[in-house]
């Protein structure tokens, strides 16, 4: 006997879209709900967006835009098949922001809807519901048994996607599915990350067989799927599965040199395995925010809003990418050799810049990932007990809100470091110092960093200093001194500025 439950109430914006759709006087027998919306209806999940397939998609989308008083957005001239987006006027028109609500209308690909479904990626996405049945589907209780409701019995399901959905299986629609669009390999892992389902063995074999074809997919499309994978709570842990399928090495060929690259006695894993473990530890920390960070959970989540969360995980994966290229050895006092990686942070940042460009990350996203990798050793120094207040304040100023994800990266790195030179007691102490540093940063943003500078650039220009790098350096030194309480009045700031300029002049004369 099956159990039933009431369908979840859609988001208010989507509810308005659905209501308008049902009153738009469309030829519902020739328009179908397809893709993830059908899958979500079957599983009793909240609908996030809608995909319709029909003939003359442009005319239908234009008609819907007028009927719903929404915006009409063509999805590119080269989109095959032609697709059009209908977006409420108060929503993000690209449909890419969190909480976006939109409706896509796509031309039926092939002779009919069944041929269209046969060209789709996975069986759970290859089902179609005549639009006229959507009200019944939304009103019907959800059941664990396929075909137990009237609308399910009328569902077009030529590839048994309904059964796979109830069994939690991700299965390719046909033998050509991954060949026709290799990006579907990543999409399969994305579904696994989002739904927690299992990739059917033959499909996984096919993904492995065709993984190399991902090299010809555009960076924008790779970035989109990778971001969706990594924003899931367990997405980072799928990186190991993606690696076994040959996917990770195609996306990031720079990782290959990390395999088998041994480390010093603080580490129990090579650089590659350590990096994967660090991503897993980062996700463990994120799952334990309340337990580890207490009242800091909310500001930490605010610092990881939007793309900052998935790209933190990417930075964790890449944080030691410069180690193979900087590996060296030096003799110790005990006449033994010690493995070193001097400069791996700087080299890693340079390599990350190339990766960010390949993935077509925005300038803000690139700066974020590169900065986390470049500064991860500096932030690690701040977690030492001997770190001075002035140094902490300097790095708080320099990194701003990015200090919080940088600390999370460092703590994940520490957790993944379990060699004979490591100690659990020291790990716990570093974690406690990380919590304290975040707390201190948040307090300093409310107090110290809210105080106006004692002296500004105009004041220095009035003193005869010319615009340029020296002006910037002097202002930075003055701000650091003010933050640390070394100067507290304008007069003290002017005196220190003159002293700094005199020292600079002396340095220049000695250099000559």
Item to complete: Go through 306, 328, 322 for me and flag whichever is touching a strand residue (DSSP E or B) at 6+ places or on another chain (Cβ under 9 Å) and either surrounded by 18 or more Cβ atoms within 10 Å (Cβ to Cβ) or closer than 30 Å to residue 251 by Cα (or both).
Response: 328
Item to complete: Could you tell me which residue of the range 281-293 is surrounded by the most Cβ atoms within 10 Å (Cβ to Cβ), considering only residues that are in contact with a helix residue (DSSP H, G or I) (Cβ under 8 Å, 6 or more places away or on another chain) and in contact (Cβ under 8 Å) with a residue 40 or more places away in the chain?
Response: 282
Worksheet entry | Filtered residues of the range 153-166 (kept if part of a helix (DSSP H, G or I) and surrounded by fewer than 16 Cβ atoms within 10 Å (Cβ to Cβ)) | 153, 163, 166
Fill in: Residue among 249, 262, 235 that is within 30 Å of residue 419 (Cβ to Cβ) and at pLDDT below 95
262
Worksheet item: Across the range 450-467, what is the total count of residues that are exposed (fewer than 15 other Cβ atoms within 10 Å of the Cβ) and touching a helix residue (DSSP H, G or I) at 6+ places or on another chain (Cβ under 8 Å)?
Response: 7
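So that you can scan it fast, the table gives a plain yes or no per residue for (1) over 15 Å from residue 375 (Cα atoms); (2) touching a residue at least 60 places away in the same chain (Cβ under 8 Å); (3) surrounded by 15 or more Cβ atoms within 10 Å (Cβ to Cβ); (4) outside the structural domain of residue 368 (by TED's automatic domain parsing):
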| position | (1), (2), (3), (4) |
| --- | --- |
| 423 | yes, no, no, no |
| 426 | yes, no, no, no |
| 438 | yes, yes, yes, no |
| 441 | yes, no, yes, no |
Worksheet item: modelled with pLDDT of 95 or more and under 30 Å from residue 337 (Cβ atoms) - does that describe any residue in the range 281-288?
Response: yes
Discussion item. Looking at the range 144-151, can you tell me whether even one residue there is in contact (Cβ under 8 Å) with a residue 12 or more places away in the chain, out of contact with any strand residue (DSSP E or B) (no Cβ under 9 Å at 6 or more places or on another chain), on the phi < 0 side of the Ramachandran plot and not assigned by TED's automatic domain parsing to the domain that holds residue 119?
Written reply: no
Worksheet item: Taking helices (runs of 4 or more DSSP H) that fall entirely within the range 7-86, which contain at least 2 residues that are assigned by TED's automatic domain parsing to the domain that holds residue 114 and at pLDDT 90 or above?
Response: 36-43, 57-67
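The values are calculated or read from the model by the stated rules, or taken from the named source; none is laboratory data. Just so you know, these numbers come straight off a predicted model, no measurement behind them. Note that we place each Cβ from the backbone using ideal geometry, even for glycine, and neighbour counts take in every protein chain shown.
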